[in-house]
Amino acid sequence: MTVNETVRIGQGQRLQEQIRHNLRMYWDDAWDVPLPYNTELTVERFMLGADARAETVSVEIRGSTRGATERYVLHLASGMEQVTCHGPEGPVDFVHPLTMRQWGPAATLPLWFDWLARRDAQNAHDWVCTEEHWESEDIEAQLYRVEQGIVSFDATATHTANFRTAEQFTEWLQQAAGPSTARLKALALTDAQAFAAGAELRLYCTRLSDQDPEAPGELVSRPLDITLGELRQKPLGVRSLGVGVGDWAGFSLVMDGPAVEQFHGDDMVPLSRVQQAFGSGEPQYPWWGVTVAGVDSVLLVPARKAVVTLRYDRDGADVWFSAQSDDEHLNKAWAEEMWSRRWGRELDHTVQLSQQEVQAAVQSAEQQLAELHYQQEEQRNDDATSTGGRQ
Amino acid sequence: MSTTTARTAGRGVQSVTGLPPVPDLGEGEGNPRCMWDWDVCPETPTKKIVWRGNNGTENYAETLCARHYAVELSRFTEVHSVSCSGTVASHILALGDM
Ligand SMILES: [Zn+2]
Ligand SMILES: [Zn+2]
């Protein structure tokens with residue numbers, strides 16, 4: 001062994017130690033962050049590149065078909081905080097798994113580790129799904145679904161900061177709507193003055209139903225809470241739209257063929273009044289408008305601060321669109337993610353659980369709920385005491 | 001464009017209350033199947049959760065197999081209660097064996 005080789009091995013070991021240390025810090029028990037359910041990825045699977053000085057680490061995870069693998073190479077040349085990743089199809093852009101915001105090519109090593117662990121688990125899950133009879137697209141499977149009354153449904157979410165133009169946003173809406181005949185469209189806010197004037201600074205709760213064609217909306221209205229200046233400048237959250245508007249805004253549709261049979265949206269504005277405020281391309285102000293063909297309503301959606309979700313059910317006959325402030329979304333998505341990691345095995349219908357395992361799950365769930373209840377009761381008693389014992 | 005697709009997440013994404021959907025309890029004979037609806041569960045229900053109705057909706061009983069009963073309860077504790085100002089008592093009237 002030459003001196004050079006010895007040095008290289010020394011560097012390699014140091015790097016590997018560093019990586020392990022770094023990952024262990026992230027996955028420290030005290031953090032109580034469980035790995036994604038069913039992942040097989042471990043720190044030990046990370047292999048140093050052939051040339052340790054290149055500071056590359058490679059890892060193989062399971063691919064999307066049974067037996068296949070996917071190889072990823074992480075580049076640590078700029079340190080643990082600025083790691084880039086190459087996958088089977090070239091450089092990978094990091095997308096935050098909970099806010100769906102595109103970060104660009106670099107993320108921290110622990111974030112990539114989590115990304116790879118999730119992908120490994122997702123790929124393995126995909127094998128099972130495509131192998132299951134009722135998810136395949138052949139005629140026999142389709143007939144089976146019709147007979148059994150099984151319909152398709154899906155939910156897709158993304159961050160509004162990922163869109164540069166109204167056309168990009170519209171394309172996403174169309175794709176996310178899957179088989180639905182609903183035609184959702186994004187508009188760019190290009191004239192804040194025209195919006196404020198047309199909306200008369202009010203938001204409307206609008207409904208449309210073929211059962212009641214005489215009542216096209218404006219059941220309730222509330223003041224638009226943002227000033228013209230804010231509409232022009234600030235990337236605000238959903239809540240800032242108006243007094244009483246929560247961190248969530250959206251609308252729902254029921255389709256009958258290509259026609260909208262029912263529509264319900266809160267805190268929207270009749271599109272006909274503010275049409276001149278919107279255009280195509282990039283918004284001049286940090287807001288999008290989202291509307292649907294056949295409905296005279298538009299929802300203002302923050303252009304840099306929101307997570308939007310499009311969900312459909314009954315093969316696209318039911319559609320829901322929603323926007324939520326990204327920080328609020330993150331809180332909920334984190335809780336949801338941790339829950340699905342902890343309860344992944346119980347949620348996995350391909351896993352048969354023993355009687356004892358089911359009993360343990362029931363016991364644990366009941367105990368958790370009882371503890372929460374107890375805490376809340378304690379809190380209530382404390383509050384009652386501090387307000388003089390009444391109530 | 002990057003998206004995440006939750007094929008098994010059949011509900012809850014836009015739901016304001018996050019409560020389970022109102023189930024149709026077959027009158028009289030009860031419900032022969034577990035009401036878990038994320039995927040088809042053929043099990044016979046042995047447990048129940050009675051949810052308190054809100055804003056004029058009636059209370060309703062969700063009958064589940066033991067496994068999905070555990071999953072549903074944990075979801076309430078770990079997910080729903082994180083973003084809801086209501087309490088356990090304001091949501092759940094009764095639970096346990098059917
Ligand atoms: Zn079940
Ligand atoms: Zn609640």
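The values are calculated or read from the model by the stated rules, or taken from the named source; none is laboratory data. Model, not experiment: these values are computed from the prediction. Positions of Cβ are backbone-derived with ideal geometry, glycine not excepted, and every protein chain shown enters the neighbour counts. The area values use the complete protein model at the heavy-atom level, side chains included, leaving out ligands, DNA and RNA. Shrake-Rupley method; radii C 1.70, N 1.55, O 1.52, S 1.80 Å.
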Answer yes or no: is there a residue in the stretch A:332-346 that is away from every other protein chain (no Cβ under 13 Å) and either open to solvent by 60 Å² or more (accessible area, probe 1.4 Å) or more than 30 Å from A:Asn162 (Cβ to Cβ) (or both).
no
Kindly list the number of the only condition in (1) open to solvent by 30 Å² or more (accessible area, probe 1.4 Å); (2) assigned by TED's automatic domain parsing to the domain that holds A:Trp172; (3) over 30 Å from A:Pro179 (Cα atoms) that fails for A:Pro286.
(1)
Quick one: would you say A:Ser280 is under 21 Å from A:Ser322 (Cβ atoms) and either open to solvent by 60 Å² or more (accessible area, probe 1.4 Å) or in contact with a Gly (Cβ under 6 Å, 6 or more places away or on another chain) (or both)?
no
Just wondering, is there one or more residues in the stretch A:349-356 that are touching a residue at least 60 places away in the same chain (Cβ under 8 Å), open to solvent by 30 Å² or more (accessible area, probe 1.4 Å) and more than 9 Å from chain B (Cβ to nearest Cβ)?
yes
Within the stretch A:299-322, residues within 14 Å of chain B (Cβ to nearest Cβ), touching a Gly at 6+ places or on another chain (Cβ under 6 Å) and not hydroxyl-bearing (Ser, Thr, Tyr) come out as A:Phe321
Here's a check for you: in the stretch B:41-98, which residue that is loosely packed, with under 13 Cβ neighbours inside 10 Å and assigned to a strand (DSSP E or B) is nearest to the other protein chains (Cβ to nearest Cβ)?
B:Gly96
Within the stretch B:50-79, residues under 23 Å from A:Met338 (Cα atoms) and within 16 Å of ligand 2 (Cβ to nearest atom) come out as B:Glu72, B:Leu73, B:Ser74, B:Arg75, B:Phe76, B:Thr77, B:Glu78, B:Val79
Determine, yes or no, whether B:Thr63 is modelled with pLDDT of 80 or more, closer than 23 Å to B:Ala89 by Cβ and polar (S, T, N, Q).
yes
With the structure loaded, tell me whether A:Leu369 is out of contact with any strand residue (DSSP E or B) (no Cβ under 6 Å at 6 or more places or on another chain), modelled with pLDDT of 90 or more and either facing another protein chain (nearest Cβ under 10 Å) or part of a strand (DSSP E or B) (or both) or whether it fails that test.
yes
Condition met for A:Val301 (touching a helix residue (DSSP H, G or I) at 6+ places or on another chain (Cβ under 8 Å) and of a type in the set (Val, Ile, Thr))
yes
Per-region count, the stretch A:30-69, residues in contact with a strand residue (DSSP E or B) (Cβ under 6 Å, 6 or more places away or on another chain), open to solvent by 30 Å² or more (accessible area, probe 1.4 Å) and at pLDDT 90 or above
2
